[in-house]
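Note sheet for the following structure.
Here, each number is a calculation from the coordinates, and none is a lab measurement. Predicted, not measured: the structure shown is a model, and the values here were computed from it. As a convention, Cβ positions derive from the backbone with ideal geometry for all residues, glycine included, and neighbour counts pool all protein chains shown.
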């Protein structure tokens, strides 16, 4: 089977290289048949890559240890689901997943927009360039189809990865990372073809939304995995690889807001090109961080020779982006100017500046330790307070702007109209702030501001829905009339839930730790936890223990069973036990380690409102799907707008 996998990867490499070379020549010389041939080669690359992916999946499912990759990441006792998830659990498999998703995205995006011939002619070579790099890496640098004489058993999978959330977290991130290639390829195709109007934006709007949604959900699932699996009581540690996924999401968020100004007013064309290039190159940077081994992270792979290849390709794509944007600056300049600092355009611009500022400060936090070690030979680190400072500095104003932006008029707003518009949201914010202070929640000013600004945003959203519902005759009819706008409001509501959950679980949490013998207790935030004893457990590929802990408090009684699992091949892993408290929308989170005999070290976290973070994920997906849902009215408007040529299709 390994020869079949290698052969299909070589064929895929040939197809995408042909799409790059032949597509570039065809677009340059305006050779229509050759351009169609290049498009067909790009389309054929997906089923070819799919065959290679199936070969690897079959080998993983059968635990075919003659494959070096299978031997490195599985064992005979590893459950089938986790064995299959090893597809993206290692370096070579994750590269194959990247190429598979990329060729699938590229083929579908090109086919849907095939009638926009001039734009597609230049977009195909850009897709081909990115795909050629990944195919080259798989064929000649880091192949998943290397073989060896079959050993007795494999090396197994890292215990922390043997978690159901790992079946979804990496694929969702890849759907997001790779999805950002689509708007980038169309943007560069627009620059190469000289078609710098809004067609490329319309063609890729839903692709961008989908990639942005996958990245956001993937990060939330990853946070929940860290919360339930690692046993440290948190969900985000500003780890470099976590940041690597957050940065392109922030850049894509800025881009999604900015393109609305270009579509509405024809402004910010240069800014949009810069943002889409930034989002894509940050996704490549995240891949480089994970696979190069230049940083230490629970998420990253060991040091590898492919890091240099990735760094070189990243530099190439940055140079290509800058050169093309600089070349087409005359076409990107517009006569439309910002008319007032108090307008919807201005609030969107402030929003973008804050998002990019937060993104770049996170980028510096990631790069500084790497540059310090490379230049000075000193190992430095950027601690959590650095990131928290800038999160508060940029994140809280961003939260407030989510409530301001939708209520401000386009072009110019008068102070009198603003006073009337913001009366209700401002009153809601003031009442919330005063009530929280009266209840004793003023000990953490970031938390207090997050709650107050959140009330302002929620009141603004509700006000918009109430006004619109009265005119449309119902909520569903209102949303159907402008899915993009009201889907965005739902996403804003999700961000408010996220902010409140983060503020509550971090600013107002209680942490207790104590060594206990059977019968002894520990108090935490009104709960009494009594240790009763130990019990053994046995799983398909591990043994372990559980501490039996009886909990009472706040009118409730329940039992928690924290402990550890011991894997004969892979080592040991902490197993947290969590009780979801419906009263506080929070958790009682516990971990336990054996100290000696039946004596344990019990750690307790009481984290109020943390479940709002996970609830925000569902609301976020709902809003994104509403915004992406096809709109017949919008399609007719776009068709009329571009009557001179074929209107581009969406996702």
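Look at 379, 452, 574 and count the other Cβ atoms within 10 Å of each Cβ; fewest to most, that gives 379, 574, 452.
Cβ crowding within 10 Å, taken as a proxy for footprinting-reagent exposure, orders 575, 263 from fewest neighbours to most as 263, 575.
Per-residue packing, averaged as other Cβ atoms within 10 Å, sorts the ranges 386-398, 603-615 into the order 603-615, 386-398, beginning with the highest.
Divide by every residue of the chain the summed helix terms, -39500 (n - 2.57) for each DSSP H run of at least 4, and state the resulting mean residue ellipticity at 222 nm, rounded to the nearest 500 deg cm²/dmol.
Computed mean residue ellipticity for the chain: -20500 deg cm²/dmol.
Here 339, 464, 229 are placed in order of increasing Cβ neighbour count within 10 Å, fewest first, which gives 339, 464, 229.
Starting from 0.36 nm per residue, how many nanometres of slack lie between residue 381 and residue 543 once their C-alpha separation is accounted for?
54.7 nm
Cut-off 13 Å, label point 7 angstrom out along Cα-to-Cβ of residue 598: give me the residues of the stretch 484-525 whose amide nitrogen falls inside. Only 517-520 fall inside the zone, counting backbone N under 13 Å. Given their separation in residues at 0.36 nm each and the Cα-Cα distance between them, residue 434 and residue 62 gain 127.7 nm when the chain is fully extended. Highest average first, the peptides 176-188, 587-599, 276-288 ordered by how many other beta carbon atoms sit within 10 Å of their residues are 176-188, 276-288, 587-599.
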